[in-house]
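Everything below concerns the one structure shown next.
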Amino acid sequence: MNAISTVGSVANPSERPRLHIVFASTSGHTEYVVDTLINTLNLLVPDWEIEKSMAERTHPQDLLRGDLLLLASSTWNTWSVEGQLNPHMWELLQKEAKELDLAGKPSACVGLGDHRYFYTARAADRLQQYIETHRGRLILPTLKIVDEPYGQEDVVGDWAKQLLLATTRTSGV
């Protein structure tokens, strides 16, 4: 695995840190947050290799790709129960990758939600729970985006900086 010694430089210059983002987005809000995060990271650390994939096109073993895993989903009222994952993310994590062992993989989560619901941004908690119960290693607090993501680019940018700092403190990325 790679170790980042300072923001923007890699301990082994022949290898670039690889971030794999798996997201579920139907209205485009989660993808907007993911794209904003990627754009910010590309400005801060252009030597990172960043891959994003939609949950419905992701296979369980794909969650093990890269040095760092990031899961992102909006919160749904699936099956008339408030506070669930986007159905595509639920299918991937709770059915297809139910038995996957993340084996200490450095990970992070992003969850979106609406303040009008009792379980605001509950997807964030469910993603975090998946990482923890499948032996992943959360390297920073989960980012929760409440209501429209447009206009919250600074929040995403600040979290991107926290993500970079967290990677410098871990030996696994």
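Length available on full extension from Q94 to D114: 0.36 nm per residue minus the Cα-Cα distance, which gives 4.9 nm.
Listing Y150, Y130 from fewest to most neighbouring C-beta atoms within 10 Å gives Y150, Y130. Per the Debye formula on identical point scatterers at the alpha carbon atoms of the range 95-173, with no solvent, log10 I(q)/I(0) at q = 0.16, 0.20, 0.25, 0.27 Å⁻¹ is -0.68, -0.95, -1.15, -1.21. Under the Kirkwood approximation applied to all pairs of distinct alpha-carbon atoms, what is the hydrodynamic radius of the range 14-165 in Å? After inverting the pairwise mean of 1/r, the radius is 15.3 Å.
Taking a point 7 Å out from the Cα of E49 in the direction of its Cβ, the residues of the range 132-173 whose backbone N falls within less than 16 Å of it are 173.
A crude spin-label estimate for the pair D154 and R135, with each label 7 Å from Cα along the Cβ direction, gives 4.3 nm. Listed from fewest to most Cβ neighbours within 10 Å, the set K95, K105, K161, K144 follows the order K95, K161, K144, K105. Normalised by the number of residues in the range 14-165, the mean separation of alpha-carbon contacts (under 8 Å, six or more apart) gives a relative contact order of 24 percent.
In terms of overall dimensions, the range 82-141 has a Cα radius of gyration and Dmax of 11.9, 37 angstrom.
In the structure shown, the pairs K52/K161; K52/K144; K98/K161 are assessed against 22 Å; a Cα-Cα span above that value is assigned to K98/K161.
The numbers here are math on the coordinates, done by the rules we state, and not lab data. Quick caveat: nothing in here was measured; it's all calculated off a predicted structure. Using ideal geometry, Cβ is built from the backbone for each residue, glycine included, and neighbour counts are taken over all protein chains shown.
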